[in-house]
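> Pasting in a structure now, in structure tokens, and then I'll have a few things to ask.
The values are calculated or read from the model by the stated rules, or taken from the named source; none is laboratory data. Since the structure is predicted, the reported quantities are computational estimates derived from the model, not experimental observations. Note that each Cβ is placed from the backbone with ideal geometry, even for glycine, and that neighbours are counted across all protein chains shown. Accessible surface is based on the protein model in full, side chains and every heavy atom, while ligands, DNA and RNA are left aside. Shrake-Rupley method; radii C 1.70, N 1.55, O 1.52, S 1.80 Å.
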Amino acid sequence: MFFKRKHEFRPDKNRSWLRNLYMTKQQRLRVLKWLLITAALVFLSIVQDVIMSRISIFGTTTDLVPYGILLMCIILDPEVGCVFALVSSCVYQFSGSAPGPYVIALLTVFGVVVAILRQSYLRYSFGSVYLGAVTAIMLYEIALFVAGLFLEHTTAGAFPRFLLTGGLGAVVVPVLYPVFTAIGKIGGETWKE
């Protein structure tokens, strides 16, 4: 009385773990975009802390991570850029490279305000993004100077160095622009009404 079933239970074929996530192609592209943005900012942090911190240009150096944060915030829509600037500036502060906790507010506010102004009054082009990024960088450097004066970390005679650091940002932005624009377009453009 041993009956054997003709159709035994067979487990599903082994599929990759990516298919078990139930993500659409659009969602996967957006995850890729945020991973690439993260990798770009980590790369900028490494270059800044390992290489550029040893190079002095007229007594100052670049500030690559804030440049990348502000540029990406301006490239993205203001809503997405606000969240991006807030999260990335928090990570920048907790990495130990930031001058102080006030950079979280400075990067977020300047990035979002300039992104809103750029989107409201200018068409998307290299010139408008460059103008917005350089404006945000200069405002950020001036605010760092004011915060340094208030906290007695710097003197009034150091103001030209802060302006020179902002000027170096104007030189770095065209180098970062093609990479950050290509990353920002992954996953499609945000639809606007």
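> Which ones in the stretch 140-179 are of a type in the set (F, W, Y) and crowded, with 18+ Cβ neighbours inside 10 Å?
Y140, F145, F162
> From (1) under 20 Å from V171 (Cβ atoms); (2) in contact with a Cys (Cβ under 6 Å, 6 or more places away or on another chain), pick out the condition that doesn't hold for V114.
(2)
> Checking the conditions here, which among G96, G127 is open to solvent by 20 Å² or more (accessible area, probe 1.4 Å), more than 20 Å from A143 (Cα to Cα) and either out of contact with any strand residue (DSSP E or B) (no Cβ under 6 Å at 6 or more places or on another chain) or among the aromatic types (F, W, Y) (or both)?
None of the others qualify; the one that does is G127.
> Considering (1) free of Cβ contacts under 8 Å to residues at least 12 places away in the same chain; (2) among the hydroxyl-bearing types (S, T, Y); (3) not in a helix (DSSP H, G or I), say which one S128 fails and leave the rest.
Exception for S128: condition (3).
> Follow-up. List every residue pair whose Cβ atoms lie under 9 Å apart, where the two residues are 6 or more positions apart in sequence or sit on different chains, the first residue falls within the stretch 160-177 and is within 18 Å of I69 (Cβ to Cβ), and the second residue, located anywhere, is open to solvent by less than 50 Å² (accessible area, probe 1.4 Å) and among the aromatic types (F, W, Y).
If the second residue must be open to solvent by less than 50 Å² (accessible area, probe 1.4 Å) and among the aromatic types (F, W, Y), the pairs left are F162/F145; G166/Y140; L168/Y67; G169/Y67; G169/Y140; V172/Y67; V173/Y67; L176/Y67.
> Could you check how many residues of the stretch 1-29 are modelled with pLDDT under 85 and surrounded by 12 or more Cβ atoms within 10 Å (Cβ to Cβ)?
Here the count works out to 3.
> Of everything in the stretch 23-43 that's under 20 Å from A85 (Cβ atoms) and not hydrophobic (A, V, I, L, M, F, W, C), which residue is nearest to the chain's Cα centre (by Cα)?
T38
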